[in-house]
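J.: Would you mind keeping the following structure in view while I ask a few things?
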Amino acid sequence: MAPSKKGEKKKSAMSEVVTREYTINMHKRIHGMGFKKRAPRAIKEIRKFALKTMGTADVRIDSRLNKHVWSCGIRNVPYRLRVRLARKRNEDEDSAEKLYTLVTFVPVASFKGLMTVNVDAE
C-alpha cells in the first residue's frame, strides 16, 4: 500500500449524517439455518449489514421492521427486505459512539429494478 501524503485530509465516512435505502436479500443470509433460528438470525444479519454499510457499531432496529421480519413466524422470514438506513448523531453525551444507525422498514409492492438510493433528510 502506498503511504498517505501529509497534506491530504481523510474524509471519514463516519462524520457525515446520511440516509440511504437498500434492499437486503435475507434468503441468502439465512440459508441453511434451522427453523427455530431463522428470524433471530435475520435480525442479527440486518444488524451486521447496517454495521458494514454505515460503519457505526450502534445499530438500532425499528419495531415495525422487527414486526415485519417476524410477521410470518420464526421459520418463514421474507426473502427480501427494503430498509432505510439513517446514520444520525447521538444526542447522549456520555455514549462512546458519536453516531448511530437507525434501520427502518420501507414497504414496497415489488423489488424489481430497485437500486440503492440516497434519501434527502426529512
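J.: Among the aspartates and glutamates, select those whose C-alpha is under 17 Å from the C-alpha of Lys44, and discard any that sit fewer than 8 residues away in the same chain.
T.: Here the aspartates and glutamates satisfying the reach criterion relative to Lys44 are Asp58, Asp62.
J.: With a 1.4 Å probe and all protein chains left in place, how much of the accessible area of the chain comes from carbon and sulfur atoms, in whole percent? Intermediate results must be reported in sequence, preceding the final value.
T.: Values: 4580 of 8730 Å².
Summing carbon and sulfur atoms, their accessible area is 52 percent of the total for the chain.
J.: Measuring with a 1.4 Å probe in the full set of protein chains, what accessible area per residue, in whole Å², belongs to the chain?
T.: Numbers: 8730 Å² over 122 residues.
On a per-residue basis, 72 Å².
J.: Which whole-percent values make up P(r) of the chain when all C-alpha to C-alpha distances are grouped in 5 Å steps starting at zero?
T.: With a bin width of 5 Å, the distribution comes to 2, 10, 19, 20, 17, 13, 9, 6, 3, 2, 1.
J.: In this model, which of Lys48/Lys88; Lys52/Lys112; Lys37/Lys67; Lys37/Lys98; Lys28/Lys98; Lys36/Lys98 are farther than 28 Å apart at the alpha-carbon? Could you put the intermediate results ahead of the total?
T.: Numbers: Lys48/Lys88 17 Å; Lys52/Lys112 24 Å; Lys37/Lys67 16 Å; Lys37/Lys98 32 Å; Lys28/Lys98 32 Å; Lys36/Lys98 35 Å.
Violating the 28 Å Cα-Cα cut-off are Lys37/Lys98; Lys28/Lys98; Lys36/Lys98.
J.: Okay, helix-only estimate at 222 nm for the chain: each DSSP H run of n ≥ 4 adds -39500 (n - 2.57), divide by all residues, round to 500 deg cm²/dmol; what do you get?
T.: Values: 3 runs with 28 residues, N = 122.
It comes out at -6500 deg cm²/dmol, rounded to the nearest 500.
J.: Next up: What trypsin sites (Lys or Arg not before Pro) in the range 76-111 are in a loop by DSSP, with at most 13 other Cβ atoms within 10 Å of the Cβ? Before the final figure, lay out the partial values.
T.: Values: sites: Arg80, Arg82, Arg84, Arg87, Lys88, Arg89, Lys98; in loops: Lys98.
Of the trypsin sites (Lys or Arg not before Pro), the ones in loops of the range 76-111 whose Cβ has at most 13 other Cβ atoms within 10 Å are Lys98.
J.: So for the chain, taking the charge dipole from beta-carbon charges (+1 Lys/Arg, -1 Asp/Glu), which of Tyr100, Asn90, Phe49 sits furthest toward the positive end?
T.: Phe49
J.: Just need the relative contact order of the chain here, percent rounded to a whole number, with Cα pairs under 8 Å and 6+ apart. Can you show the working numbers first?
T.: On the way: 190 pairs, mean separation 43.5, N = 122.
Averaging sequence separation for qualifying contacts and normalising by length gives 36 percent for the chain.
J.: Further, regarding this structure: For the chain, set up a Gaussian network in which alpha carbons nearer than 10 Å are linked by springs, and say which option among Glu21, Glu45, Glu93 fluctuates the most.
T.: For the chain, modelled as a Gaussian network with Cα springs under 10 Å, the answer is Glu93.
J.: Any idea what angle helix 38-54 forms with the longest principal axis of the chain, computed on alpha-carbon atoms, 0 to 90 degrees, nearest 10?
T.: 20 degrees
The values are calculated or read from the model by the stated rules, or taken from the named source; none is laboratory data. From a predicted model like this one, the values you see are computed outputs, not experimental measurements. Because the Cβ atoms are built from the backbone with ideal geometry, glycine has one as well, and the counts that use them run over all protein chains shown. Surface areas here come from the heavy atoms of the whole protein model, side chains and all, with no ligands, DNA or RNA. Shrake-Rupley method; radii C 1.70, N 1.55, O 1.52, S 1.80 Å.
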